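Bear in mind these aren't lab numbers, they're just calculated from the coordinates by the rules spelled out. Because the structure is a prediction, the values reported are computed rather than measured. Please note: Cβ atoms are built from the backbone with ideal geometry, for glycine as well, and neighbour counts cover all protein chains shown.
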Amino acid sequence: MSTFLDFEKPVAELEGKIKELRHTADGGDVNISEELSRLETKVDQVLRQTYGKLTPWQKMQVARHPNRPHFSDYISELFDDFVELRGDRAFGDDAALVGGMARFRGRSVFVIGHEKGSGTDGRVRHNFGMAHPEGYRKAIRLMNLANHYQLPLLTFIDTPGAYPGVEAEERGQSEAIARAIEASLRLDIPFVASIVGEGGSGGAVALATADAVLMLEHAVYSVISPEGCASILWRSAAKAQDAAEALKMTANDLLELGVIDKVIGEPLGAAHRQPSDTIRSLGDEIERTLAKLANEPADSRRLRRREKFLAMGRPPAA
């Protein structure tokens, strides 16, 4: 069943009419092709108008859409021979972060991503994509393995943030995230990160300290969620829309600020309408980016990666 966001109500009404028209004509002699064509054209027009002027808060809703492709979908469509590697060799495994070895278009790689899960049971099992410290320590283990075998690293970011529970803090959540960022900066291998849904807080940065950071058009990336920001600044989550504006969390804002390197366009109506097309487009850009990075010497690539992140927020030289 299709899930429509609040601002997609005109589209929902039109698609409802299309479904009703098809149902009415099933088995009959009525020619509905002309009316169907008119309604489908109207749907495209409304989608184009709606998605051409989304606010940051609406983009946040799109990034959270339940039908948006998850990491498991990227694994299924972009990779062959995926072998999952589990556990941090210290505490346990964390299903919110999934990773292992795979083949990407003929090239051996390591791949790590946040998995939000599908359906109630899946979301609970994957903790809605919110990783514990053992998840980030698993990511560090896989980063080091990738570096040891000199295989490129690909990461996929889609998380509201690292899990904020007491037990996560007791096990060293902030330290684990910091170590993951440190490990990222030391890698000799090509490293491409893709923000495909929510990129929330340090839980996202831990997998996004890469040579190249790609971001889907309707994804978001921010130090905090709009609701969290509003609760701190205005002491009311009702101000989330204002917070979303202030946070500059959209792909175009972040490209202008130099936080990401490239925006990948999504099909009309966003990734949840045409997931396979979205996944393929992102895969094409990852392939092009990897080819460029492979021609750069490891030392200069590592130095450029470090300088890139150290320069963020630094005022320009006089």
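Given the options THR55, TYR149, PRO133, identify the residue whose Cα lies farthest towards the positive end of the charge dipole of the chain (+1 on Cβ of Lys, Arg; -1 on Cβ of Asp, Glu). Result: TYR149, furthest along the dipole toward the positive end. Relative to the longest principal axis of the Cα atoms of the chain, the long axis of helix 33-51 lies at roughly 40 degrees.
Using a simple spin-label model with pseudo-atoms 7 Å out from Cα toward Cβ, ALA90 and LYS292 lie 3.5 nm apart. Return the inverse of the average 1/r over all pairs of distinct C-alpha atoms in region 87-233, which is the Kirkwood hydrodynamic radius, in Å to one decimal. Computed over region 87-233, the radius equals 15.2 Å.
Give the angle, between 0 and 90 degrees and rounded to the nearest 10, that separates the Cα long axis of helix 133-148 from the longest principal axis of the Cα atoms of the chain. With both axes taken from Cα atoms, the answer is about 70 degrees.
The Rg/Rh ratio of the chain, with Rg taken over Cα atoms and Rh as the Kirkwood radius over Cα pairs, comes to 1.01. Taking Cα atoms only, the orientation of helix 9-25 departs from the longest principal axis of the chain by about 50 degrees.
Taking only the alpha-carbon positions of region 21-149 and ignoring solvent, what does the Debye formula give for the base-10 log of I(q)/I(0) at q = 0.17, 0.18 Å⁻¹? Per q value, in the given order, log10 I(q)/I(0) is -0.95, -1.00.
Here the peptides 65-75, 48-58, 280-290 are ranked by packing, the mean other Cβ count within 10 Å, and the order with the highest first is 65-75, 280-290, 48-58.
Annotation for ARG304 and SER276: the two label points, set 7 Å from Cα along the Cα-Cβ direction, are 3.6 nm apart. When each of the peptides 172-182, 92-102 is scored by the mean number of other C-beta atoms lying within 10 Å of its residues, the order from highest to lowest reads 92-102, 172-182. Modelled this way, with points 7 Å down the Cα-to-C-beta line, the labels at ALA178 and LYS262 are 3.4 nm from one another.
When you count the other C-beta atoms within 10 angstrom of each residue and take the mean per peptide, 139-150, 6-17 line up highest first as 139-150, 6-17.
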